[in-house]
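Working notes, structure below.
The values are calculated or read from the model by the stated rules, or taken from the named source; none is laboratory data. Source: prediction; values computed, not measured. In this analysis, Cβ positions are derived from the backbone assuming ideal geometry, glycine residues included, and neighbour counts consider all displayed protein chains.
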Amino acid sequence: MFDIFVLPFCAGVVALLAVSLMKYIRWINSFSKRQQITIRRNILSIKILPAIWEMFRECLLHWRITQRNLLLGYMHRSLAFGWFLLIVVGFVQALMACPGGHPFYAAIFFNYFEPRSERIVEFAHSQQIATLMDVLLLYVLSGLFLAMLKKVWSKPLGMKRTTKHNLTDRIAKFSLWCIFPLRLLAEGATSSIYGNGGFLVRWVGTVIAAIGLDSAEIEYLLWVLYSLALGTFFTLMPFTRYMHIFTEVFLIYFRKNGVIEGNKPSGYTKFELSACSRCGICIDHCPVNRELGISNTQGVYLLQTIRNKDLWHRAEQIAANCMVCDRCQVECPVGIDLATIRRQVRSEAHTAIDKPVGYNYLERVHPFNAIGRIAYFGGCMSHLTPGITSAMEQIFKAAGQPYWYMDKEQSICCGRPLLQQGLVKQAEVLRRKNRDMITRSGATMLVTSCPICYQSFVKEYQLSIKVMHHTEYIDMLLRSGKLKVKAGSERIAYHDPCELGRGCGIYQAPRDVLGSVGTLLKTKEERANSLCCGYNLGNISISTDQQQLVRDAALGNLLAPNPDTIATACPMCKRSFARANAIPVKDIAEIVADSLVQD
Amino acid sequence: MKTIAVIGAGPAGIEAASVMARQGCKVDLYEKQEEPLCNIRDKALLFPNFEKADTIAEALLQKLRHENISLISGHEVQQLERNKGKESSWTVDGRQYDAVILASGYTPFDAHRKEELGYGIYAGVHTSLDMERMLREGRIVNSIGDKPRRVVFLQCVGSRDEKTGNHYCSKLCCVTAVKQAIEVSKMLPDTEVYIFYMDLRMWGQHFEELYRSAQEVYGVKFVRGRISEAAGTYDGRVQIKAEDTLLGLPLRITTDLLVLMVGMEASDGTRKLSQMCGICGEYGFVQSSDPHLNDNSTLAPNLLAAGACKRPMTLTDAINDGRSAACEILCSYSLPLVFNS
């Protein structure tokens, strides 16, 4: 059971396995010590079960994409799951047909060898399996049709813009697109000579005969082309976006095992880079594209350029032009941690200036004895919106909570803005000082008004005391009855700040607070879909005018239900919207302070 | 007899109405407020010659006393549109006119929009208009009613500011701050007076001399740098953070009064009416048809614009611009120009 035309396919498979294996081993070796320990500890733990379930759900069924758009989900699923089943059922077919064993390519070229090889015998349900194989091929072809449609008209698949691929990706895609039609034609040609195959293949065979083509002449050529298409695709796979097919499986496994990426890229980032299928879903939702029409700086292009070492300078530019709103991360069907990768690139770009110098003033800031008090950290941005900090002081007093306004006079940055620019060492100096101040003060809890600081305190500080954003804190005071407010008739539209919502998952507390003082309106894009306010420390590439365009889009969404007031929980969002001068913009703390009921 | 509507009884509107009335036109002068000249009446003395604002206001009101002028005050114009059928004439809230002069003016920048400067939050933070009111009353006090030991003026609040979207210069805040600083120094010789600026634009006649005397005679201290934030202190004063960009040093000083020199923005009426007629230009101001040759006419025929509804303008320029718009109309109707002796 051999013919020379199977060689391209076999060579492709060998190349694919060899290269992928080499890459994977190299990447796993470059995992950090901590990551390797995490993997070893969890290698056979119960965590593997949810991992397997997610692999099945995401790698084969593409569930997250389906939730966004049914047709797009169908396209991805039919190609992934359809091809997977085609291979599995094909192997079952070959297994049943060759009781004496068979070479591995027999399943792929089964219809060619079926009438020719004496090792293939008649078996039970052979006709049903052939029909099933045809159904599966049809399933894959329907997905292929949608993929082609998406290329010319992406709207029905829920995508405005699609990814611009590089040359190797395009060649690989072309070979992938050729595989299934060629398989159908080759099997059809064989069928018109020998009459084997299921309903579809037989029908194609009759069509070939009917249009007067000599099946005997073209059959061999078609099988050669089919094998060549497969061989080309498999050989190119490790060097193109199609590497995601296997890599996503590994990525899910590592992620479920609890592997976390640090500030320096390790093997984990390599897996993430290759797990990106370059589907381009991130492009449509990025505010830089939506509002400014800059469509070459999204996550997909960031990962693409990082993978190509020659384009490093371009990767730096792309990483810099980002609002850090994390919307892409919510949309990414693979769940790639784009924020961390972006920070790694920024960090790499800023290595020369990332030196902990110029922080002598920290020595002059002294800790305070705040035993039994709440430490209140306004944050630099709240210093620019004194309405928020004075409202918070009013609330602490009304609730009878002793507090220490720790950054009132000598404020130290929480470090996150530096971290967002990749200045890891400088950020660490500030964090160390703040951590020391908080620990030595003896405060019982830390409340902050700025979601940026909040995310920093929660994720980067490892404090031993509880950290709360003021929305959560006010919510807690209201629930416990320590704070009383009167309900008014104010119609309020709430803007979810990205650092608080997508960053820390706090969506409900602010809504509960606002619901108790006024009427909370629903907006079209809220919670995880909240739009960027445009005023972000993260992006230093766009102009103020461009920031205002991004802001106006978010403002339009908030103004749509015709509110009296826009509420937010972030000093940056507040400043951004207040500058537009449309309607009053208030922080939740200010709204609560205005409607306090004094006992 | 030609009938003309003038919208806005400020200096430009009054001057235009007065010129046209004297030349034999029937003028209806619309004013949103109950009284004309609101933006002059709240001022004390005017730059550069420290003339009383009330004197100018009186002189302008005198010009209004003409049989051809009817002042329709307390009336905000809602509809301004071309007559159907006769496209070159206009209807203002149902009344027909041969031509319209838009003189709907400016509005001071709302300092609440620069929250970092603490206006409306800390008692010691005021705008230049608040300062003018204090100067009118002749009583400058800090938040607890005492004589201030230090007064800081901050230039360019809401002008030349990308972040508020106002890229333009409001032209008269520089000299106003110098004028107010001199007045404060005259009234309270022991008080330290600072002016924080980006650069001082002393473009008009006598402005430079005023600036020089502020330094040499009155000892006003000029610091080049913007104030980034203000914070309240426990004793009701204001602590400001800034950078002295000439010395390249960060600066933190405490002051009794922080005076924000607010810029000029297109008034709500200017925005509304110019959008209604399709003559709205940058920043909501009215767009004239040519900045050199036809600065009073607009793209709409027989609809002219005068004064600060076009751009920030001083009182002198606004009066001149009103007169110029009136001449434009008179010339187009070939009415005789009669020179009163």
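If the condition is being closer than 20 Å to A:ASP594 by Cα, more than 14 Å from every other protein chain (Cβ to nearest Cβ) and free of Cβ contacts under 8 Å to residues at least 60 places away in the same chain, then region A:377-402 contributes A:PHE396, A:LYS397.
Within region B:91-131, being more than 14 Å from chain A (Cβ to nearest Cβ) and assigned to a strand (DSSP E or B) holds for B:THR91, B:VAL92, B:ARG95, B:GLN96, B:TYR97, B:ALA99, B:VAL100, B:ILE101, B:LEU102, B:TYR106, B:HIS126, B:THR127. What about B:LEU249, is it of a type in the set (A, V, I, L, M), exposed (fewer than 15 other Cβ atoms within 10 Å of the Cβ) and within 14 Å of chain A (Cβ to nearest Cβ)? So B:LEU249 passes the test. How many residues does region B:254-278 hold that are in contact (Cβ under 8 Å) with a residue 40 or more places away in the chain, assigned to a loop (DSSP other than H, G, I, E, B) and over 20 Å from B:GLY165 (Cβ atoms)? Final tally of qualifying residues: 2.
Here A:SER541 fulfils each of the conditions (1) modelled with pLDDT under 95; (2) within 14 Å of chain B (Cβ to nearest Cβ) apart from (2). Is it the case, given these coordinates, that B:SER213 is surrounded by fewer than 19 Cβ atoms within 10 Å (Cβ to Cβ), in contact (Cβ under 8 Å) with a residue 24 or more places away in the chain and away from chain A (no Cβ under 13 Å)? So B:SER213 fits the description; yes. Consider only pairs whose beta carbons are under 8 Å apart and that are at least six residues apart or on different chains; among these, list those whose first residue lies in region A:306-320 and is farther than 19 Å from A:THR340 by Cβ and whose second residue is not in a helix (DSSP H, G or I). From region A:306-320, the pairs are A:ASN308/A:ASN166. Of the residues in region B:142-165, at least one is surrounded by fewer than 18 Cβ atoms within 10 Å (Cβ to Cβ), within 14 Å of chain A (Cβ to nearest Cβ) and within 19 Å of the chain's Cα centre (by Cα). If B:GLN155 satisfies all but one of (1) more than 23 Å from B:LEU251 (Cα to Cα); (2) at pLDDT 95 or above, what's the number of the condition it fails? B:GLN155 satisfies every listed condition except (1).
Considering B:LYS43, B:LYS52, B:LYS32, the condition of being more than 16 Å from B:ILE319 (Cα to Cα), free of Cβ contacts under 8 Å to residues at least 12 places away in the same chain and within 22 Å of the chain's Cα centre (by Cα) is satisfied by B:LYS52 alone. Tally time: how many residues in region B:216-235 are surrounded by fewer than 18 Cβ atoms within 10 Å (Cβ to Cβ) and farther than 17 Å from B:GLU116 by Cα? Matching residues across region B:216-235 total 8.
Would you tally the residues in region A:43-81 being assigned to a helix (DSSP H, G or I), in contact with a helix residue (DSSP H, G or I) (Cβ under 8 Å, 6 or more places away or on another chain) and among the hydrophobic types (A, V, I, L, M, F, W, C)? So that I can check it myself, show each step before the final result.
Step one: filter region A:43-81 for residues assigned to a helix (DSSP H, G or I), giving A:48-60, A:63-68, A:70-81.
Going one step further and asking which of them are in contact with a helix residue (DSSP H, G or I) (Cβ under 8 Å, 6 or more places away or on another chain), we end up with A:48, A:50-51, A:54-55, A:57-60, A:63-68, A:71-81.
Restricting the remaining residues to those that are among the hydrophobic types (A, V, I, L, M, F, W, C) gives A:48, A:51, A:55, A:59-60, A:63, A:65, A:71-72, A:75, A:79-81.
Going through region A:43-81 one residue at a time, the tally reaches 13.
Taken across region B:179-199, residues that are crowded, with 24+ Cβ neighbours inside 10 Å, within 17 Å of B:ARG226 (Cβ to Cβ) and either within 14 Å of chain A (Cβ to nearest Cβ) or at pLDDT 95 or above (or both) do occur, with at least one present.
Can you spot a residue in region A:584-591 that is within 14 Å of chain B (Cβ to nearest Cβ) and part of a loop (DSSP other than H, G, I, E, B)? I'd like the intermediate steps shown before the answer.
Step one: filter region A:584-591 for residues within 14 Å of chain B (Cβ to nearest Cβ), giving A:584-587, A:589-590.
Filter once more, keeping what is part of a loop (DSSP other than H, G, I, E, B): A:584.
The answer is yes, given that some residue of region A:584-591 is within 14 Å of chain B (Cβ to nearest Cβ) and part of a loop (DSSP other than H, G, I, E, B).
Residue by residue, here is whether (1) among the charged types (D, E, K, R); (2) modelled with pLDDT of 95 or more holds:
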| residue | (1), (2) |
| --- | --- |
| A:SER456 | no, yes |
| A:LYS466 | yes, yes |
| A:THR471 | no, yes |
| A:TYR494 | no, yes |
| A:GLY503 | no, no |
